[in-house]
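A short write-up of the structure that comes next.
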Amino acid sequence: MRAIFPMFAALSAAVIVALGVACSSFDQNAVTEVTGPDYGEFSITNSIGADGATNAGVDAVLEQRCASLDCHGQMGRALRLFSQSGLRLISQDAANVPGGAPTTQTELVANYQAVIGLQPELMTEVVQGNEPPTALLLLRKPLQLERHKGGQVIVPGSNAYDCIVSWLGGPSNFSERACALALTSP
Amino acid sequence: MRIGHIALTLPLLLVALAPVAACDLDPVHANLVSQLGPEAPGIPKGEFHRAGQPCVVCHGDDGPASEKFAVAGTVFYGPGTNPNVNGQLMGAGSVNVYIEDGSGAMIPPVTTNCVGNWWIKASDIGTLQFPLLVTISGPTLGGGTQQQTMRTQIGREPSCGMCHQVQSYPDQPGAIANYYETPGVVYLTGDDPKYQGDPTTCAMSPVNPPIPLGLGPVSP
């Protein structure tokens, strides 16, 4: 019994020292490079194109499905989404209120950063084709492949699903049409 | 002897723990309830009280209200210049609230009372399947009907008043600025004085309910 105490004390000291070293040795200048999907496709605003078809980007779908004030339209969310009808980015523009002016470019950029910054390393792997899109929380949560308090808000094979998956698959795969249809269908 | 100790200790322990069990052990919920403040003078607990406040904070599973609501809220006429209400908020009565749930089913419509309050009891509907789409439709004093459909779906929040709050400006004293976080309270109409009714027709004054400013949306 007496032999155990010195061993325990030594082990505890070693753990404390290890933690101290680990916590004091991070590289303050380290940067995580993210290869994100195309921003232009993300930020296409909902409009009628020259061919009469409705155009929309990924952000429009996320705004409609995810960005309400009681869900991801909250500042505390890791995936925090600004939108015309929900949370607004503080600005000098008095019209920049919920329900007011259209989503601004600054807000679109902030949304894009939130989306690709949620799992930066994994996002890079997905964009480079090394991991499937469904590896990302961006899809795993709304598909309810893991716990999501908002429940299942995207169904596999739906227009919303095709919109996001095609965007993650690169410019040659992006389906603007699926994004547009996702705004009017379940 | 040991059994005797247990028999003596257990009731004492239960008595000691009873006050703790009676307390709200969730600090987030307790804080939300606390932020709502006391009842307004002259308006007792009941169907007319706390218009505009987030009803299900208290009328939810965590209490303290005994009646549980699945979803509830308040509809107002828009702020106007009617001298009866002096530009203040006024509840909109006889407004129908239509809700489509996540399964696509229409929930039987409910109607606001004269302070604008409406609610659906949990016991009447069971578990509500989110997301919800909401439309309100009600009479105007001009003899017409006004309809408003919420632009976004409701993802999870059962209280309208949790997101739809009196908008407070960043420099408004005594308020947490929520200018960028709320679309304002639920209005039946726009800023038109002809749509504002006579507050004397309601058993309780529907005018200017004391809604706390800057109660931010909270989704634990």
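Table for the structure above
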{"quantity": "Cβ-based exposure ranking for B:THR182, A:THR106, B:THR140, in which fewest neighbours within 10 Å come first", "calculated": "A:THR106, B:THR140, B:THR182"}
{"quantity": "Over chain A, relative contact order from alpha-carbon pairs under 8 Å, at least 6 apart, %", "calculated": "21"}
{"quantity": "Among B:62-71, B:38-47, B:119-128, the order from most to least packed when residues are scored by Cβ within 10 Å on average", "calculated": "B:62-71, B:119-128, B:38-47"}
{"quantity": "Förster radius 41 Å - calculated FRET efficiency between B:MET106 and B:GLN35, Cβ distance, rounded to 0.05", "calculated": "0.75"}
{"quantity": "Debye, to nearest 20: dipole size of chain A, +1 on Lys, Arg Cβ, -1 on Asp, Glu Cβ", "calculated": "820"}
{"quantity": "Simple spin-label estimate for B:ALA65 and B:ARG156 in nanometres, 7 Å along Cα-Cβ", "calculated": "2.2"}
{"quantity": "Sites A:ALA94 and B:LEU133 - FRET efficiency at Förster radius 35 Å, r taken between beta-carbons, to 0.05", "calculated": "0.75"}
{"quantity": "Per-peptide average of other Cβ atoms within 10 Å, ordering A:30-43, B:148-161 highest first", "calculated": "B:148-161, A:30-43"}
{"quantity": "Computed [θ] at 222 nm, deg cm²/dmol, chain A (DSSP H ≥ 4; -39,500 (n - 2.57); rounded to nearest 500)", "calculated": "-11500 deg cm²/dmol"}
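Throughout, read-outs are computed from the coordinates displayed, never taken from laboratory work. For clarity, every value in this text was computed on a predicted model and none was experimentally measured. Note: ideal-geometry Cβ built from the backbone for every residue, glycine included; neighbour counts use all protein chains shown.
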